[in-house]
Amino acid sequence: MAVTLGMALSGCATTAGLFGARAERPEGSLRVVTYNIALGLWFSPQTPQLRRLGRDYSVRAALRNHPQLRDFDLLAVQEVCSDRGAAQIDALGRLGRYHVVFERADPERDGECRKGQALVSRYPILTSGRIDLPQLRGVGRSAMWADVVVPDSSGGAAPLRVYNLHLDNRGESFFAAEGRWGQMQAILAHIAAWREAHPDAALLVVGDFNSLANLGDPWARERTIVEMHRRYDSAISEYTPTHLLQYQLDWIFYERLQLQEASVVDLVRSDHYPVVAEFVVGPRPAPSDVAEVTSDP
């Protein structure tokens, strides 16, 4: 079940910092961030490791203050912990006037802090859900999806479907490229069913694909990434490491959006780096699409 939070903190310092820069960006601009926060081990400045550093090096501080992150419109987070008093989920909403939905990766499993994926949106989230993925090592995995209506470049509104995923990093053996492709096929089938009813809506498929290919070759691309490039545009197509071990694991794929720029943020708060993409949303194609996009395929 999704946890949904609509936070409105007018007058607080973090809100001013987040929305001042947003007003200067062009109409229809959309800043998208995907970030695996490594079970939120550095999410809060109150963790023992961070308290010893003497200043706030937390993920939460980076999302508030880093110039490439603080003004996000959509933030897809992986490895959010839901069993620590919901503190991480609550804090994501308290970054500003944001809406948050969360889905457990494996609702049947109590270990690993009951982790899952969260989507944090400046704009209202109309509906959301989960996709259970094939198991590779006896541990459940899921992807989440959400429908958002975002401003477009004409001053109107456009429907946007977002998929936030975290594929397995290994199977029964460490190399699980074909297993990840099987998980991706479940997501692609869900997209295809939705796309039949919404041929003109914009689409984002983002997250931690764990696209290791093989341990000895960080540059190699496994089948999942090759197939995603064949079907969709990628914000960062060239080899750009998004992990401390120099693998490109985190991706932003899209349709029906205009890419302006994208980058990997050199920020060590996790074993992953955030990936940021700036888009422009075009005019919506038909008045009925905003209402229709809420349907669950």
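Rule-based calculations on the coordinates, nothing more; no lab input. Every value quoted in this text rests on a predicted model; they were computed, and no experiment measured them. Cβ placement follows ideal geometry from the backbone for every residue including glycine, while neighbour counts extend to all protein chains displayed.
Observations
- Pairwise label distance in nanometres, residue 263 with residue 65, each label 7 Å out on the Cα-Cβ vector: 1.8
- Computed Rg/Rh of the range 191-234, alpha carbon atoms with Kirkwood Rh: 1.09
- The GluC sites (Glu not before Pro) found in the range 125-221 that occupy coil by DSSP, while having at most 16 further C-beta atoms within 10 Å, are 172.
- Karplus 3J(HN,Hα) series, Hz, for the range 252-259 with 6.51 cos²θ - 1.76 cosθ + 1.60 (x for Gly, Pro): 10, 9, 7, 9, 6, 10, 10, 6
- Put simply, the amide H of residue 222, placed in the peptide plane, has neighbours under 5 Å in 213, leaving out anything fewer than 5 places away on its chain.
- By the equivalent-ellipsoid construction on the alpha carbon gyration tensor, the range 118-210 comes out with semi-axes of 29, 13, 10 Å, ordered largest to smallest.
- Förster radius 25 Å - calculated FRET efficiency between residue 239 and residue 185 (Cβ-Cβ, nearest 0.05): 0.55
- Cα-centre dipole for the range 211-262 with unit charges at Cβ (Lys and Arg positive, Asp and Glu negative), debye to 20: 160
- Estimated FRET transfer efficiency when R0 is 30 angstrom, pair residue 170-residue 197 (beta carbons, to 0.05): 0.25
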